[in-house]
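Asker: Structure below; questions to follow.
Derivation of every value follows stated rules applied to the coordinates shown; laboratory data play no part. What you see is a predicted model; the values in this text were computed from it and never measured. Reconstructed Cβ throughout: ideal geometry from the backbone, glycine too, with neighbour counts over all protein chains shown.
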């Protein structure tokens, strides 16, 4: 039926090329939507488990490539837990800095640190927002005093 509609729109040469193009483009969005829209991670601290979804960015993809990882994290300023990553993350397409919200997962580029924001941190150069923790994760992390060990793994297929 598609070929008949295309035959009425153009010459015989065009008919041969056009059926291949819609077929290729119709399968590409399905694949990219399902693979790039959801980049889920699990963060385990002691006996507690937290879920987070990363945004589709070069930095987030770099983080996923390093998982699973166990990260020793320290408390900073009563607003965030930070810990060093094994390798730096790409800053391609990222602004100079960011103003993270409570519940954001971030990256502090100058220190090469993964950051879990549980309090109000204002704009600061070098901050990259990687994604967002689910539910009451930020409030539960705020209750954890001092240093922690976070075991982080990808839960996306």
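Asker: Inverting the mean 1/r over all pairs of different Cα atoms, compute the Kirkwood radius of the stretch 39-154 and quote it in Å. Don't jump to the answer; show the numbers that get you there.
Answerer: On the way: mean 1/r = 0.0730 Å⁻¹.
One over the average 1/r among Cα pairs gives 13.7 Å for the stretch 39-154.
Asker: A further question follows. How many nm separate the modelled label positions at residue 90 and residue 44, each set 7 Å beyond the Cα in the direction of the Cβ?
Answerer: Label at residue 90, label at residue 44, 2.9 nm between them.
Asker: Right, something else. Can you figure out the FRET efficiency of residue 122 with residue 143, using R₀ = 25 Å and their beta-carbon distance, to the nearest 0.05?
Answerer: Values: r = 23 Å, r/R0 = 0.90.
E(calc), rounded to 0.05, equals 0.65.
Asker: So how far, in whole Å, is the C-alpha centre of the stretch 68-110 from the one of the stretch 133-157?
Answerer: 13 Å
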